[in-house]
Amino acid sequence: MHVLVTAGPTREPIDPVRFISNRSSGKMGYAVAAAFAARGHEVVLVSGPVALAAPAGVSRVQVQTADEMLAAVSARLEWCGALVMAAAVADWRPRRAAAAKLKKAAMPVALELEAAPDILRALAERKGGRVFVGFAAETGDPLPEARRKLREKKLDLIVANDVSRAGSGFEADTNKVTLLPAGGAPIDLPLMSKRGVAERIAEWVLDRAAGASAAAAET
Ligand code: C5P
């Protein structure tokens with residue numbers, strides 16, 4: 001299978017030396033890329049700036065902004081059979097980025113923001129038979145928000161993650177998640193390594209893709 005995975009944060013420039021970003025180590029997305037590659041699948045990893053080496057057998061495309069990530073994913077959408085969006089894409093960005101460094105003394109009292117592109121939403125209408133997986137990182141019970149995002153972003157699976165729990169979320173090597181399939185029962189996973197979570201996600205995606213191609217062969 002051809003699998004497109006995104007990971008890490010995006011950076012939205014204020015000026016050449018400052019940016020708005022999201023907390024994200026990239027570990028979860030890199031583990032997903034590694035899990036598919038280890039099973040012999042072809043993986044392209046579109047990554048924001050993180051301090052991780054590309055996993056063995058994975059081809060990596062490095063980006064900075066949400067616009068660049070959207071362009072990199074969009075260009076490879078036809079190629080892929082599955083898209084796993086683990087990236088913590090910035091939701092907002094400065095409306096204007098200054099061309100030169102803003103002087104400390106000229107501090108803006110407010111930053112004017114605009115919405116960054118929502119990559120999953122932008123690509124939803126080109127989804128076709130591809131498997132789309134998203135993540136919902138929330139503080140507190142992630143399931144209500146995750147259900148909404150699953151529906152609104154037309155996903156097949158969303159990985160719901162309470163990032164305020166110990167051992168879960170940012171920078172940790174472990175994660176405690178619930179897999180929420182569209183039209184299926186939630187799968188509550190115990191606290192486990194991010195690689196373990198990645199293996200479960202890869203298994204789910206490969207099962208779903210195999211089921212879809214078997215159904216297509218019958219018709
Ligand atoms: O930011 P949010 O909680 O809506 O993210 C949920 C999912 O949507 C994640 O899979 C994330 O990668 C994706 N996303 C996106 N474009 C954005 C923001 C988030 O594709 N601008």
Query raised in the report: Between Ala216 and Glu145, what is the FRET efficiency for a Förster distance of 25 Å, r being their Cβ-Cβ separation, to the nearest 0.05?
Result: 0.15
Query raised in the report: What is the helix-to-structure angle for 27-38, meaning the angle in degrees between its Cα long axis and the longest Cα principal axis of the chain, kept from 0 to 90 and rounded to the nearest 10?
Result: 40 degrees
Query raised in the report: Between the helical axis of 194-218 and the dominant principal axis of the chain, each derived from Cα atoms, what acute angle in degrees is found, rounded to the nearest 10?
Result: 50 degrees
Query raised in the report: In units of 2.2 N^0.38 Å, what is the alpha-carbon radius of gyration of the range 104-210?
Result: 1.28
Report summary line: For the range 98-219 the mean separation of alpha carbon contacts under 8 Å (6+ apart) over residue count, i.e. relative contact order in percent, is 16 percent
Query raised in the report: With each run of n ≥ 4 DSSP H residues scored as -39500 (n - 2.57), what mean residue ellipticity at 222 nm is computed for the chain after dividing by its residue count and rounding to the nearest 500 deg cm²/dmol?
Result: -9000 deg cm²/dmol
Report task. Determine which lysines satisfy two conditions relative to Lys154: a Cα distance under 20 Å, and not lying fewer than 8 residues away in the same chain. Result -> Lys127
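Taking N as the number of residues in the range 121-176, what is its Cα Rg relative to 2.2 N^0.38 Å?
Rg over 2.2 N^0.38 Å, computed on Cα atoms: 1.25.
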**Report entry** Residue-wise HN-Hα coupling along the range 47-61, computed from phi with Karplus coefficients 6.51, -1.76, 1.60 (Hz; x: Gly, Pro)
**Finding:** 10, x, x, 9, 9, 10, 7, 4, x, 4, x, 10, 9, 10, 10
Requested in this report: Enter the mean projected area of the convex hull around the alpha-carbon atoms of the range 1-144, in nm², rounded to one decimal.
Outcome: 10.3 nm²
**Report entry** Extreme residue, positive dipole direction of the chain, given options Ser21, Leu143, Val5 (C-beta unit charges)
**Finding:** Ser21
Report summary line: Env charge @ Met107, Cβ radius under 15 Å, K,R +1 / D,E -1, value +2
Report task. At 0.36 nm per residue, minus the direct Cα-Cα distance, what do Ala182 and Ala105 gain on full extension? Give it in nm, one decimal, please. Result -> 22.6 nm
**Report entry** Dipole magnitude of the range 43-157 about its Cα centre (Cβ charges: Lys, Arg +1; Asp, Glu -1), debye to nearest 20
**Finding:** 220 debye
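Tell me, what is the percent relative contact order of the range 1-153, built from C-alpha pairs under 8 Å that lie six or more residues apart?
27 percent
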Query - Helix axis angle, 66-76 relative to the chain longest principal axis, alpha carbon, degrees - result: 30 degrees
Report task. Please get the size of the charge dipole for the chain, origin at its Cα centre, with Cβ charges of +1 on Lys and Arg and -1 on Asp and Glu, quoted in debye to the nearest 20. Result -> 520 debye
Query raised in the report: Counting only Cα, what are the radius of gyration and maximum Cα-Cα distance Dmax of the range 57-110, in Å?
Result: 16.4, 51
Query raised in the report: Of all DSSP beta bridges located in the range 99-217, what percent are antiparallel, nearest 5?
Result: 60 percent
Query raised in the report: Rounded to the nearest 5, what % of the DSSP beta bridges within the range 90-167 are antiparallel ones?
Result: 35 percent
**Report entry** In nm, spacing of pseudo-spin labels at Glu171 and Arg39 (7 Å Cα→C-beta vector)
**Finding:** 3.2 nm
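Quick note: the coordinates plus some simple rules give every number you see, no bench work behind them. In this text, all values refer to a predicted model and were calculated from it rather than measured experimentally. Glycine gets a Cβ as well: all are built from the backbone with ideal geometry, and neighbour counts include every protein chain shown.
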